[in-house]
Amino acid sequence: MKTNKINNSNKLAIKMAVALILGLVVGVGCIILRENLNANGNTHIWTSINNILFQDISKEGATNAIGIFYILGQLFVNALQLVIVPMVFTSIALAMCKISDTKKLGRISYKTILGFLATSVFALALAGAIGFIIKNLGLFTANVENVTAQAGVASSTNPLLIIVQAIPNNITAAFSTNGSILAVVFVAVVLGLCINTLGEKIKVLKTLLEEINSIITVFLSFIITKFGPIAIFVLITRTFAIYGVDNLKPALVYVITTVFTLLLFLVFGYALFIAIGARLNPIKFVKKIGKVALFGFSTSSSAATLPLNTKTTTEELGVSEDIASFILPLGMTINMNGTAIMQVIAAIFIATSAGYDVTIGNIVVIALLALISSVGTPAAPGAGAIILFTVLTGMGYNNDAAILAYSLILAINRPIEMLVTSLNVVGDAATSVVVAKSEGMLDEVAYNNEIVLAEELAE
């Protein structure tokens, strides 16, 4: 049974990889087509193509657009996000029910937070160092005139409010939106601990939670397996078709710097964490978590990636379901390494381009603000760039040039946000492996099982 699960997972990984490559090829083709049409005075042809395939039909003025790729992508993401709240709630509550040893629960919680903090500090230090070097080289300059943000509304909310909002004053409000996941986590933990304490007195509710969780698992497995590769192709193609090279030109150095830092941490940072923290072969982790990173890259949503991350972490990486069901939903909410890296580099870029003098001390403060503000960032596309305004406000980077540079970030940050999501979800899985290993709840046989792609391709 275990072998069949792994084989199916391998097939899914191959399909996702193929979908990603096709999406990149078609997306680049769309960019070339658009540039040629615009250069030859045939802008109206591209406008028609965009209205039929890629247009966001929810925007003002798009009443006559069809937006086939937009509709397909949104249907898939909505289907995943439909069950995010009940999945997080039931999985964490059941995890609390199953851990009878309260000391063990305390240890797991402590190790989880420590793991999140360790990777976050490393990520922030790396981002700060690289950002400072690039700034001193005089490369963080950009023409931010006449730039309009394509999406997002700036928020100047105090990041410490996330602490207050973690405990809801209305239980129904906590379940009404995917943006209140931290409150859902709190309610789930409390409920699970109460059921755990009452033991045999509570049977019906525990059974109900188990049955709901089983239904969610079947639903998500069907959605991801049957429609995941198609969705990846659609989402990647549309992203490239809309956010082509024109938007990247004004701040190419920012884009290259951020992408380089994110990839560096994604490939080597987590591998080092696995090698040191769990004393396991990091290459096996990198190979197996690859499809989760691809899926996160395609959807740009940690919430949408959670089901596949859970499946991969438990079935292929050998992490106990009790550990995974606690750490992964919690990590989706508070472990935002990729988001923090992006915010640090973006803040340095904005401040420098706006004429502010950024010192090492400033970067340390920026890193702390990024760490705090990234906690509780909604697990949705584009949220990180919007929350960035909190960091800028906290640092006092608010002159006209800074606002224009911030608008530029909002306009060009979509491709970067996709890679940011990959880091966030992989970080959650890495912490799960390290914590599970320390608690003796890691199936090392499953972790060390090889994935033989050649055999799958031959079938």
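The values are calculated or read from the model by the stated rules, or taken from the named source; none is laboratory data. What you see is a predicted model; the values in this text were computed from it and never measured. Positions of Cβ are generated from backbone atoms using ideal geometry, with glycine treated the same way; all protein chains shown enter the neighbour counts.
Remarks
- Residues considered: Phe69, Phe76, Phe89. Of these, the only one that is out of contact with any Pro (no Cβ under 6 Å at 6 or more places or on another chain), modelled with pLDDT under 85 and within 16 Å of Leu235 (Cβ to Cβ) is Phe76.
- Exclusive hit being part of a helix (DSSP H, G or I) and modelled with pLDDT under 70, set Glu455, Glu417, Glu450: Glu455
- Checking each residue in segment 358-400 for being at pLDDT 75 or above and closer than 18 Å to Ser302 by Cβ picks out Ala370, Leu371, Leu388.
- Consider segment 95-125 and keep the residues that are in contact with a Gly (Cβ under 7 Å, 6 or more places away or on another chain) and aliphatic (A, V, I, L, M). The one that is surrounded by the fewest Cβ atoms within 10 Å (Cβ to Cβ) is Met96.
- Flag for Leu126 being within 30 Å of Thr47 (Cβ to Cβ) and at pLDDT 85 or above: no
- Output for segment 146-174, where each listed residue is modelled with pLDDT of 75 or more and loosely packed, with under 14 Cβ neighbours inside 10 Å: Val164, Ile167, Asn169, Asn170, Ile171, Thr172, Ala173
- Count of residues meeting criterion [of a type in the set (D, E, K, R), over 20 Å from Thr299 (Cα atoms) and touching a residue at least 24 places away in the same chain (Cβ under 8 Å)] in segment 198-245: 2
- The set of residues in segment 309-328 being in a helix (DSSP H, G or I) and polar (S, T, N, Q) consists of Asn309, Thr310, Thr312, Thr313, Thr314, Ser325.
- Residue within segment 334-348 that is surrounded by fewer than 24 Cβ atoms within 10 Å (Cβ to Cβ), under 25 Å from Thr177 (Cβ atoms) and touching a residue at least 12 places away in the same chain (Cβ under 8 Å) present: yes
- Summed over segment 14-52, residues that are within 26 Å of Pro229 (Cα to Cα), modelled with pLDDT of 80 or more and either in contact with a Gly (Cβ under 7 Å, 6 or more places away or on another chain) or not in a helix (DSSP H, G or I) (or both) total 2.
Quick grid of which residues meet (1) in a helix (DSSP H, G or I); (2) under 23 Å from Asn337 (Cα atoms); (3) of a type in the set (Phe, Trp, Tyr); (4) modelled with pLDDT under 85:
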| site | (1), (2), (3), (4) |
| --- | --- |
| Ser176 | no, no, no, yes |
| Ile195 | yes, no, no, no |
| Phe227 | yes, no, yes, yes |
| Thr237 | yes, no, no, yes |
| Asp246 | yes, no, no, yes |
| Ala251 | yes, yes, no, yes |
| Leu262 | yes, yes, no, no |
| Leu266 | yes, yes, no, no |
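- Close pairs from segment 279-308: first in a helix (DSSP H, G or I), partner of a type in the set (Phe, Trp, Tyr), Cβ under 6 Å, at least 6 apart: Thr305/Phe295; Leu308/Phe295
- Of note, Ile276 satisfies the criterion of being out of contact with any helix residue (DSSP H, G or I) (no Cβ under 7 Å at 6 or more places or on another chain), at pLDDT 85 or above and not charged (D, E, K, R).
- Ile216 falls short of the stated requirement of being at pLDDT 85 or above, touching a helix residue (DSSP H, G or I) at 6+ places or on another chain (Cβ under 9 Å) and either more than 17 Å from Leu24 (Cα to Cα) or buried (at least 22 other Cβ atoms within 10 Å of the Cβ) (or both).
- Screening Gly361 against (1) outside any helix (DSSP H, G or I); (2) without any contact (Cβ under 8 Å) to a residue 40 or more places away in the chain leaves a single unmet condition, (1).
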